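Below you'll find the structure, written out as structure tokens, and then a few comments.
The values are calculated or read from the model by the stated rules, or taken from the named source; none is laboratory data. Note that the coordinates shown come from a computational prediction; the quantities given were computed from them, not determined experimentally. FYI the Cβ positions are ideal-geometry reconstructions off the backbone, even for glycines, and counts take in every protein chain you see. Keep in mind that these areas ignore ligands, DNA and RNA; they rest on the heavy atoms of the full protein, side chains included. Shrake-Rupley method; radii C 1.70, N 1.55, O 1.52, S 1.80 Å.
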Amino acid sequence: MSHARVQQLSDQLVAKWTSPQGVELMAAGAVLVGGLLAYGPLSLQEAGGLLDWPAEEVLDRFHAMNFDLETDDRGRVIGAGVSLDDRRPHTMQLQGQQVHGWCAMDALMFPVVLKEPASTVTSRCAATGEPIRLTVTPGGVHDLSPSTAAVTLAPATGADMREVFCNRVNFYATAHLAEAAAERDGDLAACSVDEAWALGKRLADLF
């Protein structure tokens with residue numbers, strides 16, 4: 001694993017979220033995450049009300065920040081990092097309910113953001129489909145199965161966040177599989193789950 005590349009991508013991600021646009025996006029995203037957890041799917045009117053934005057501007061304003069919200073077939077917001085779409089491979093326990101994440105980093109970060117004492121996270125290997133389970137706590141990761149699991153990291157700039165980052169930040173059953181994914185896509189870096197959790201903690205501390 002290239003620790004220099006992991007550090008570079010980690011620093012780049014923190015720089016993104018501490019930029020003026022990143023601070024604005026994080027604040028707005030946090031409002032919607034809170035709304036999704038409290039109320040479930042949000043109409044654009046409900047989302048706009050929470051954000052104090054005109055309803056018709058909600059999707060466009062997030063899009064302008066390269067962060068396309070996830071919507072259902074009724075046009076309701078169902079995802080802003082935390083997702084209510086049970087087809088997503090990453091699940092976590094937040095505020096007493098099972099929800100989903102767009103990527104491995106969401107599953108490692110949001111339990112820390114919300115100060116969950118212990119959040120059961122389940123996912124699957126992006127290469128083999130093998131189940132991956134772990135417990136995320138404010139102090140680190142526990143009960144990782146398989147213990148060999150690893151994560152890929154990606155750059156977070158250039159286009160929609162889900163396209164450039166989330167869809168490429170995944171769990172793998174072994175470091176070898178994660179490294180093979182990184183070799184196929186030179187933008188990526190493979191890291192341990194503990195390293196990925198540490199990056200999630202850096203991001204969580206920004207909220």
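Values computed for the structure shown
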| quantity | calculated |
| --- | --- |
| Residue match in region 171-189 (condition: outside any helix (DSSP H, G or I), more than 22 Å from V14 (Cα to Cα) and either in contact with a Ser or Thr (Cβ under 6 Å, 6 or more places away or on another chain) or open to solvent by less than 10 Å² (accessible area, probe 1.4 Å) (or both)) | yes |
| Inter-residue pairs, beta-carbon under 7 Å, first within 13 Å of A104 (Cβ to Cβ) and in region 191-202, second among the hydroxyl-bearing types (S, T, Y), 6+ apart | L199/S10 |
| Region 66-105 - residue that is polar (S, T, N, Q) and in a strand (DSSP E or B) and, of those, farthest from L188 (Cα to Cα) | Q97 |
| Residue that is farthest from F165 (Cα to Cα), among those in region 47-61 that are assigned to a helix (DSSP H, G or I) and out of contact with any strand residue (DSSP E or B) (no Cβ under 8 Å at 6 or more places or on another chain) | G49 |
| Search result, residues across region 1-34 that are open to solvent by less than 30 Å² (accessible area, probe 1.4 Å) and touching a residue at least 40 places away in the same chain (Cβ under 8 Å) | V6, L9, S10, L13, V14, L25, M26, G29, L32, V33 |
| Subset of region 12-39 [more than 18 Å from the chain's Cα centre (by Cα) and small (G, A, S)] | S19, A38 |
| Qualifying residues in region 106-156 (those that are assigned to a helix (DSSP H, G or I) and open to solvent by less than 20 Å² (accessible area, probe 1.4 Å)) - the one farthest from R87 (Cα to Cα) | V112 |
